[in-house]
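Down below is the structure, laid out as structure tokens.
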């Protein structure tokens, strides 16, 4: 399990552990970019709990002030779900 409070993790590590993290804690403690936010934090595919549905682009910008809202909008327009390379939760949990 990652210790988001005490260590900064690279994009690959965060992505590989996407199902093992609290997204609110990730937003508060890690430095992510707009692409990561759109593909994983704002992507409803990874909402394992209803509480994550409350994460909006404005919430991302609040906790990641280096990301302009405009960049999130641009990335969401560019995003193609085929770019996703993380397995679905069922596949991961069945290992």
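Below are the figures for this structure:
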| quantity | calculated |
| --- | --- |
| Candidates 51, 30, 64: whichever shows maximal mean-square fluctuation once the chain is modelled as a Gaussian network with Cα springs under 10 Å | 51 |
| Zone residues, segment 29-45, relative to residue 13, backbone N less than 20 Å from point 7 Å out along Cα-to-Cβ | 29-37, 40-41 |
| Helix-only [θ]222 nm of the chain, DSSP H runs n ≥ 4, -39500 (n - 2.57) each, per residue, nearest 500 | -9000 deg cm²/dmol |
| Equivalent ellipsoid semi-axes - Cα gyration tensor, the chain, angstrom | 20, 17, 12 |
| Extension gain, residue 77 back to residue 50 (0.36 nm per residue minus Cα-Cα distance, nm) | 7.3 nm |
| Of 58, 45, 12, the one that fluctuates the most in a GNM where the chain has Cα springs shorter than 10 Å | 12 |
| Fluctuation leader among 39, 11, 78 - the chain, Gaussian network, Cα springs under 10 angstrom | 78 |
| Spherically averaged projected area in nm², based on the convex hull that wraps the Cα atoms of segment 1-45 | 2.9 |
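Values in this text are rule-based calculations from the coordinates and carry no lab data. Owing to the predicted nature of the structure, the values given are computational and were not obtained by experimental measurement. Reconstructed Cβ throughout: ideal geometry from the backbone, glycine too, with neighbour counts over all protein chains shown.
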